[in-house]
Amino acid sequence: LPQPAQGIHTWDIKGVSKEALAAWQNGEGKGKGVLLSSVFSVGGVEWRASAYPNGSSEEGRGHVSAFLEIVTPNKPVDATYSLTVCGVKAGPATEKFGRKSAGMMLEGCDGATSGWAKLASHDNLKRTGALSDGKLT
């Protein structure tokens, strides 16, 4: 049997303004400012990470939401992954990722995107000082 591909992608989001951090910490800007990583490859499959500094929905407000998305079309992939934001880790989780070239989910797959709507609370990030240096990692 072939060995599963493994990879780590570190995405430093730099230049986050003190004003934006203050707004996120105060729960402002719901759903605003989805941040997208550059596309990266693991095992010949292209991926992208996304982060919502104040949640991806009303339910996630006051949290950083983070997701992993398959970019390569027409290639179903079983993936086990974890996401970490400022030292707060979620996972591992196992999903069957897949997308059609038109962006829709491939039949038999769990989805093209998966992750956590409440990965890290602003309160926890404030307590640890993770949001104080103008960078999310």
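The values are calculated or read from the model by the stated rules, or taken from the named source; none is laboratory data. Model, not experiment: these values are computed from the prediction. SASA here: full protein model, heavy atoms, side chains in, ligands and nucleic acids out. Shrake-Rupley method; radii C 1.70, N 1.55, O 1.52, S 1.80 Å.
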Give me the compactness ratio for region 41-84, meaning the Cα radius of gyration over 2.2 N^0.38 Å.
-> 1.37
Heavy-atom accessible area per residue of region 43-122, all protein chains kept, 1.4 Å probe, expressed in Å², is 47 Å²
³J(HN,Hα), Karplus 6.51/-1.76/1.60, whole Hz, each residue of region 87-97, x for Gly, Pro = x, 9, 9, 10, x, x, 10, 10, 9, 9, 8
Work out, in µm²/s and without decimals, the Stokes-Einstein translational diffusion coefficient of region 36-137 at 37 °C, 0.692 mPa s, Rh from Kirkwood over C-alpha pairs.
-> 229 µm²/s
